[in-house]
Amino acid sequence: MSGDHGKDSLARAARAELEALAGKALTPRDRLAISSQDMPCQDPVARGGNMHEVAEGYDEAQARLEAERCLNCKNAPCVEGCPVRVDIPGFIMKIREGDFGEAMRLIQRTNLLPSVCGRVCPQEKQCQEPCTLGKSLKSVEKAVQIGRLERYVADRARACGDCDLPRVPASTGRRVAIVGSGPAGLTAAVDVRREGHEVVVYEAFQKAGGVMVYGIPEFRLPKELVRGEAGRLEEMGVRLELNFLVGRTRRLGDLLAADGFDAVFIGAGAGLPKFMGIPGENCVGVFSANEYLTRANLMKAYDRPRAATPIYPSRRVAVLGGGNVAMDSARMALRLGAEEVRVLYRRTRDEMPARAEEVGHAMEEGVKFDFLSSPTKILGGQDGRAEALEILSYALGEPDASGRRSPVAIKGSEKVVPFDTVIVAVGNDSNPLLARTTPELKVDKWGHILVDGRQKTSIERVYAGGDIVLGAATVILAMGEGRRAAAAINEILQ
Ligand code: FAD
Ligand code: SF4
């Protein structure tokens, strides 16, 4: 891998390599020897002080050279690894041919949010994990960079205005309500609308997009992209009702019984933050990651003079947890001006659930990691503000049910470390509102809605998918569930 992540030098090197390959009939061995293309990124020091996107995206030469690496495998294991089964070798061949419009059309047949997925999908665990090229080179990092190519095609299509809207036939007179506008809800809405049914999306927040808008920060996923995708929905005739909380503004049962909907899809996500259950979590300066990121992303709390609910400046921030949400919170805290940000995680880097790329980016930006440590209490001052954490050290023991080595507390290792802000990022549960206001809706002990193989809930004509069913998962899995539910809804409305 090149150590230079500058856009110009990476593009220059790619152009030179492409020119050297021009006119040659490449054998698989030649393709294995082509350099894997790094993602150009903003300089780590500069980006710690701004909200602009960190990854800058390939230029055309990089995209074409990366596409030349693909072996165009007949069995295409990469497609098997993609939850929405994008025709990966097909779109990569179109990039090679320079037919970017057709590449976009191939992707859009099954993925309606390619510029989002190209940025945030954990490709190293999905399509890139089984890639034949990566296996031949004995490193998943050397697999064809499918996500980066998908992002390139989608960004280019957007810049050229070359994104076809799915065709909407004449109205069938059938009506479908979608609860929640995250990736599950948006995908279900498009697929149902494609059949000519009327679709209304009800969203509790003032903006559509779910976690893509209020959770994942601007520096990883520009909000303009999500706005664009929601705007396309409206162009297809989908109605968005914002600031509408189903279960309070209107009950789920009323949508079917009184409001004339023929079916409902619930994609309400997993937005209820979990806490550690340690003393002191009620101190001022202790946030759930959800609240912290929502205030920063959705309510622009970093704009202190103008924000309705500004986040006061922190000096020393502790982030508790080891997932993507913890990485996003830590990197956001740095951008909000914290002097020091430390991630506390009970295991080691090898067991961290966060994407390796995100951990690497956080480290480059100056986030510090205290592995094998976790707090036992938060100590507050007389004014009720958090002042310090009592931290216990751990060692790794035997593997637990998740297959990861379990953390074992080291007795007597407690120490007190000063922090004025604590962000708890240890996971989310489902919001119980819908289940509480709709007793016939069956949920499991974590509040996840129970569905059958076609995403149908315990109530006739009511379907559900995404995090509200899976628990906190991923954008692409939520989209896959939205798609499956839409297919079932379309069938019953035929
Ligand atoms: P959500 O995106 O949560 O959307 C649900 C929507 O429903 C919300 O807008 C909510 O306001 C609305 N809603 C809830 N209840 C009601 C109601 N009663 N009435 C009306 N509206 C309602 N995944 C990745 O693949 N890659 C990543 O890099 C990644 N990073 C993440 C970072 C953070 C900080 C977080 C929190 C999550 C991240 N995820 C990531 C996970 C991913 O975002 C989720 O799995 C995905 O968004 C789930 O989609 P969904 O449609 O099920 O729910
Ligand atoms: Fe190309 Fe890898 Fe898919 Fe084979 S598995 S078609 S090399 S992307």
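The values are calculated or read from the model by the stated rules, or taken from the named source; none is laboratory data. Not measured: the values here are computed from a predicted model. Ideal geometry is used to build each Cβ from the backbone, glycine not excepted, and the neighbour counts take in all protein chains shown.
Residues that are basic (Lys, Arg) and either assigned by TED's automatic domain parsing to the domain that holds residue 477 or within 16 Å of ligand 2 (Cβ to nearest atom) (or both) within region 97-127 comprise just one, 125.
Picking from 59, 99, which residue would you name as being among the charged types (D, E, K, R), surrounded by fewer than 16 Cβ atoms within 10 Å (Cβ to Cβ) and more than 23 Å from the chain's Cα centre (by Cα)?
Numbers: 59 fails: surrounded by fewer than 16 Cβ atoms within 10 Å (Cβ to Cβ).
Among 59, 99, only 99 is among the charged types (D, E, K, R), surrounded by fewer than 16 Cβ atoms within 10 Å (Cβ to Cβ) and more than 23 Å from the chain's Cα centre (by Cα).
Give me the residue from region 445-480 that is under 15 Å from residue 178 (Cα atoms) and among the basic types (Lys, Arg) and, out of that set, nearest to ligand 2 (Cβ to nearest atom). Here the answer is 456. The residues in region 278-307 that are within 15 Å of residue 338 (Cβ to Cβ) and either assigned to a loop (DSSP other than H, G, I, E, B) or within 16 Å of ligand 2 (Cβ to nearest atom) (or both) can be counted, and the count is 4. Would you check if residue 49 is at positive phi, more than 10 Å from ligand 2 (Cβ to nearest atom) and in a loop (DSSP other than H, G, I, E, B)? No; evaluated as a whole, the condition is false for this residue. For region 377-405, a tally of residues being surrounded by fewer than 17 Cβ atoms within 10 Å (Cβ to Cβ) and more than 26 Å from residue 287 (Cα to Cα) returns 10. Condition (residue is in contact (Cβ under 8 Å) with a residue 24 or more places away in the chain and among the acidic types (Asp, Glu)) applied to region 138-146: is it met by at least one residue? For region 138-146, residues in contact (Cβ under 8 Å) with a residue 24 or more places away in the chain and among the acidic types (Asp, Glu): present. Of the helices (runs of 4 or more DSSP H) lying entirely inside region 60-127, those carrying at least 1 residues that are within 16 Å of ligand 1 (Cβ to nearest atom) and within 30 Å of residue 19 (Cα to Cα) are 114-120. For first residues located in region 228-250 and touching a residue at least 24 places away in the same chain (Cβ under 8 Å) and buried (at least 18 other Cβ atoms within 10 Å of the Cβ), partners that are among the charged types (D, E, K, R) and assigned to a helix (DSSP H, G or I) and lie 6+ apart or on another chain with Cβ distances below 8 Å form the pairs 233/193; 238/193; 240/234; 247/436. Selection within region 128-157: residues that are surrounded by fewer than 17 Cβ atoms within 10 Å (Cβ to Cβ) and assigned to a helix (DSSP H, G or I). The member of this set that is farthest from ligand 2 (Cβ to nearest atom) is 141. Taken over region 413-435, residues that are modelled with pLDDT of 95 or more, surrounded by fewer than 16 Cβ atoms within 10 Å (Cβ to Cβ) and of a type outside the set (Val, Ile, Thr) amount to 4. Being closer than 30 Å to residue 341 by Cβ and within 16 Å of the chain's Cα centre (by Cα) narrows it down to one residue among 84, 54; which is it? 54 is the lone residue from the list that is closer than 30 Å to residue 341 by Cβ and within 16 Å of the chain's Cα centre (by Cα).
Table: residues versus (1) at pLDDT 95 or above; (2) outside the structural domain of residue 296 (by TED's automatic domain parsing); (3) aromatic (Phe, Trp, Tyr); (4) in contact with a strand residue (DSSP E or B) (Cβ under 9 Å, 6 or more places away or on another chain).
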| position | (1), (2), (3), (4) |
| --- | --- |
| 50 | no, yes, no, no |
| 58 | yes, yes, yes, no |
| 65 | yes, yes, no, no |
| 70 | yes, yes, no, no |
| 73 | yes, yes, no, no |
| 84 | no, yes, no, no |
| 87 | yes, yes, no, no |
| 91 | yes, yes, yes, no |
| 95 | yes, yes, no, no |
